[in-house]
Amino acid sequence: MDAKAGARERFDAVRDSVIALSHRIHATPELGFEEERSSTWIAEALADAGFAVTKGICALPTAFVARAGSGPLHLAICAEYDALPGIGHACGHNMIAAMAVGAGIAAAHVADDVGLTVSVIGTPAEEVGDAGGKILLLERGAFGGVHAAMMVHPAPFDVVEMPIIAASMFEVRYTGKEAHASAFPELGINAADALTIAQTAIGLLRQHIRPTDRIHGIITKGGDAPNVIPAHTAAKYIVRAKTLADLEEIRAKVLRCFEAGAIATGAKLEILGGQKPYAEMRHDPDIAAVYRRNSEALGRTSRLPSASFARAAGSTDMGNVSLVLPAIHPAIGINSLPAVNHQPEFAAHCVTEAADKAIIDGALAMAWTAIDLAADPVIRNRLLHRTAV
């Protein structure tokens, strides 16, 4: 039996439990850095499959690493499992976790035969938008000795090299002064006005930004009572751009808009976060080509998005990983249209028959890709001899 057949046979033995894991995580959504149950279930599944598991790595309680095999080529498969506030697993991280488990178990079965070390790294808090789990894990050495990394993300359709841009999330706080809104408004400093001015300035700024830039946010506090001049307001904003270099430029312009609100009203401005932005994704072309072949062998077809989705681009801390070591982050389709990521309807699609089929295909495609990378002397040598993390 060849290595790929052996990997598939091993995956088939755990397929039902892998899909059940996806459904279990989906039914119990947990926010970033709070994924206690999800991370435990994933780690237990890998330990039961013979992996050496270490939980709470890098001072992150819901992060873990599970390792199997002792070959020279060390590949990491990243698992995500945090949910979105209010709409649960509307980005399908339950599927990402299940695919990582399935791929890890399948590849580990033949790891020593083909010369692989396989690590499944549990990476919490991808959805937080700033200082995400992978960024902290990179800084703290969790990817040390890893030669390449991969993961697969659900989407409406398959895209091997999905567009992923840089992003910075930060919180804005204005502090003014309360006053009676009718009797003594002149004695107040209106923090809500400061935020209104900032948002108006951002709206005007949109004429002067690149088509690849994005600015979006929410007001998290607008005041306490309509008859009290608001002394405290807050908002959370995300700024995105094609690259980290572009991001610095547009972020500086957006911050000036918030400064304008403070100057105009006399309110005090505080900016929190945004110091550890998400980087753009640099898909390794060789690894992406191998994944594409394996995905197609499973009957899947990657396509470029239609014109209506030409501007579609997300952000992830996997981009930071890809700037440090070779990596891929393909999308796998779950036949969800017109529902798209970050909609409640998409969350419902992440436990359908199409989603379960995507878990099977995504896990096998990653496992087979790992095997092919170890078997290809040119790619293997390039990965082995690159500068280590």
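The test for being under 25 Å from Ser295 (Cα atoms) and hydrophobic (A, V, I, L, M, F, W, C) does not hold for Ala83. For segment 263-289, the set of residues classified as in contact with a helix residue (DSSP H, G or I) (Cβ under 6 Å, 6 or more places away or on another chain), of a type in the set (A, V, I, L, M, F, W, C) and surrounded by 22 or more Cβ atoms within 10 Å (Cβ to Cβ) consists of Ala267, Ala279, Met281, listed by residue number. The set of residues in segment 9-23 being of a type in the set (A, V, I, L, M, F, W, C) and closer than 14 Å to Ala100 by Cβ consists of Phe11, Val14, Val18, Ile19, Leu21.
Listed here are the residues, each with its yes/no results for (1) hydroxyl-bearing (Ser, Thr, Tyr); (2) crowded, with 24+ Cβ neighbours inside 10 Å; (3) under 23 Å from Ala47 (Cβ atoms).
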| residue | (1), (2), (3) |
| --- | --- |
| Asp82 | no, yes, yes |
| Gly92 | no, yes, no |
| Ile96 | no, yes, yes |
| Ala103 | no, yes, yes |
| Asp113 | no, no, yes |
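Screening the candidates Ala327, Ala375, Ala312 for the property of being over 22 Å from Pro277 (Cβ atoms) and touching a residue at least 12 places away in the same chain (Cβ under 8 Å) yields one hit, Ala375. For beta carbons closer than 8 Å, sequence separation of 6+ or different chains, a first residue in segment 214-240 that is without any contact (Cβ under 8 Å) to a residue 24 or more places away in the chain and in the same structural domain as Ala191 (by TED's automatic domain parsing) and a second that is in a loop (DSSP other than H, G, I, E, B) and of a type outside the set (S, T, N, Q), the qualifying pairs are Asp224/Pro230. Only residues that are outside any helix (DSSP H, G or I), within 28 Å of Lys357 (Cα to Cα) and within 13 Å of the chain's Cα centre (by Cα) were counted across segment 129-158, and they come to 6. Out of segment 164-204, which residues are part of a helix (DSSP H, G or I), surrounded by fewer than 20 Cβ atoms within 10 Å (Cβ to Cβ) and within 28 Å of the chain's Cα centre (by Cα)? Passing the criteria: Gln199, Gly203. Of all residues in segment 51-73, those being at positive phi and not aliphatic (A, V, I, L, M) number 3. Leu304 satisfies every condition listed in (1) modelled with pLDDT under 95; (2) assigned to a helix (DSSP H, G or I) except (2). Of Glu161, Glu126, all but one fail to be crowded, with 24+ Cβ neighbours inside 10 Å and under 30 Å from the mean Cα position of the chain (by Cα); the exception is Glu126. Can you name every one of the helices (runs of 4 or more DSSP H) wholly within segment 308-380 that holds 1 or more residues which are more than 21 Å from His23 (Cβ to Cβ) and either modelled with pLDDT under 95 or not aromatic (Phe, Trp, Tyr) (or both)? It comes to 318-322, 353-375. Consider Phe143 carefully, then state whether it is aromatic (Phe, Trp, Tyr) and buried (at least 24 other Cβ atoms within 10 Å of the Cβ). So Phe143 fits the description; yes. When Ile219, Ile165, Ile202 are checked against the criterion of being touching a Cys at 6+ places or on another chain (Cβ under 8 Å) and under 20 Å from Gly274 (Cα atoms), Ile202 stands alone in meeting it.
The values are calculated or read from the model by the stated rules, or taken from the named source; none is laboratory data. Just so we're clear, the structure is a prediction, and the values are computed from it rather than from any experiment. For neighbour counting, all protein chains shown are included, and Cβ atoms are generated from backbone atoms with ideal geometry for every residue, glycine included.
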